[in-house]
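Since the structure comes first, as structure tokens, the remarks are kept for the end.
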Amino acid sequence: MDATHKHKVISSSVLKNFGMLVTITDVENGFQKGMVLKSVDSGLYWEVQERILFSEKEIKFEGETETRIHTNIRNIDKVQNEFDKNIFEYKIKPIGHNEKPEVNDFLVFTVTVAVRIPLEIIDIYEDYLLLKINEDDTGILHKKYINNKIAKIGDYVCHCEHRFHDLVDKNGNFIYR
């Protein structure tokens with residue numbers, strides 16, 4: 001978890017038929033689709049879906065997926081003020097839960113790679129595996145990075161080559177299914 005660069009939650013909401021939105025601070029280079037954010041307080045995870053733009057004048061970051069929303073609620077001065085403070089809004093998707101980020105919580109980017117020791121799978125979500133990093137922390141790994149797609153709770157994953165992980169037992173022996 002990259003806890004050195006925290007993004008404070010200014011607001012969050014769920015819009016029926018659209019999804020979950022979060023407004024966060026300290027966005028310097030934008031967030032690409034598929035990046036995973038983790039709450040410092042709750043340990044919950046969200047996947048970035050797209051950036052919400054309210055005006056043609058808003059800054060655009062390379063690599064971001066964007067959606068333009070037309071609304072009379074925001075005015076251009078407010079948008080410019082938020083841009084000056086690196087505050088932007090994103091559509092996010094919860095991973096393994098239905099909660100939105102809490103206001104004043106901090107979100108950090110997280111990437112989990114089981115490099116030296118196998119990490120145990122403690123839950124399986126639609127697109128992700130929840131891994132036990134240690135007694136106090138978890139990690140998340142997208143299923144697309146698993147060589148053997150038939151993972152079960154209690155299996156372990158260990159990094160191999162080319163950004164992929166293999167299913168192994170707790171001793172590091174390969175599991176074939």
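The values are calculated or read from the model by the stated rules, or taken from the named source; none is laboratory data. On a predicted model such as this, the values are computed, not experimentally measured, just so you know. Please note: Cβ atoms are built from the backbone with ideal geometry, for glycine as well, and neighbour counts cover all protein chains shown. Accessible surface areas use protein heavy atoms only, side chains included; no ligands, DNA or RNA. Shrake-Rupley method; radii C 1.70, N 1.55, O 1.52, S 1.80 Å.
Check whether at least one residue in the stretch 57-73 is at pLDDT 90 or above, of a type in the set (Ser, Thr, Tyr) and in a loop (DSSP other than H, G, I, E, B), and report yes or no.
So in the stretch 57-73, the residues at pLDDT 90 or above come out as none.
Checked against the condition, which is being at pLDDT 90 or above, of a type in the set (Ser, Thr, Tyr) and in a loop (DSSP other than H, G, I, E, B), the stretch 57-73 yields no hits at all.
Pairs linking a residue in the stretch 109-121 that is in contact (Cβ under 8 Å) with a residue 12 or more places away in the chain and in a loop (DSSP other than H, G, I, E, B) to a residue that is of a type in the set (D, E, K, R) and buried (at least 20 other Cβ atoms within 10 Å of the Cβ), with Cβ atoms under 7 Å and 6 or more positions apart or on different chains, are THR110/LYS38. Inspection of the stretch 25-46 finds no residue satisfying the criterion of being free of Cβ contacts under 8 Å to residues at least 24 places away in the same chain, open to solvent by 40 Å² or more (accessible area, probe 1.4 Å) and farther than 19 Å from PRO94 by Cα.
Could you identify the single residue in ILE117, ILE122, ILE153, ILE92 that is among the aliphatic types (A, V, I, L, M) and under 24 Å from MET20 (Cα atoms)? Show your work before the answer.
Values: ILE117 fails: under 24 Å from MET20 (Cα atoms); ILE122 fails: under 24 Å from MET20 (Cα atoms); ILE153 fails: under 24 Å from MET20 (Cα atoms).
Of ILE117, ILE122, ILE153, ILE92, the one residue that is among the aliphatic types (A, V, I, L, M) and under 24 Å from MET20 (Cα atoms) is ILE92.
Only residues that are modelled with pLDDT of 85 or more, open to solvent by 30 Å² or more (accessible area, probe 1.4 Å) and more than 18 Å from PHE109 (Cα to Cα) were counted in the stretch 144-157, giving 6.
Here ILE92 passes the criteria (1) over 30 Å from ASP26 (Cα atoms); (2) crowded, with 19+ Cβ neighbours inside 10 Å; (3) in contact with an Asp or Glu (Cβ under 9 Å, 6 or more places away or on another chain) except the one numbered (1). Checking each residue of the stretch 17-35 against the condition of being of a type in the set (A, V, I, L, M), closer than 11 Å to LYS100 by Cβ and assigned to a loop (DSSP other than H, G, I, E, B) gives no match. Scanning the stretch 7-51 for residues that are under 22 Å from GLY63 (Cα atoms) and acidic (Asp, Glu) gives ASP26, GLU28, GLU47, GLU50.
Within the stretch 120-129, at least one residue is open to solvent by 20 Å² or more (accessible area, probe 1.4 Å), within 20 Å of the chain's Cα centre (by Cα) and among the aliphatic types (A, V, I, L, M). For the stretch 102-119, the set of residues classified as β-branched (Val, Ile, Thr) and surrounded by fewer than 16 Cβ atoms within 10 Å (Cβ to Cβ) consists of VAL103, VAL111, VAL113, VAL115, ILE117, listed by residue number.
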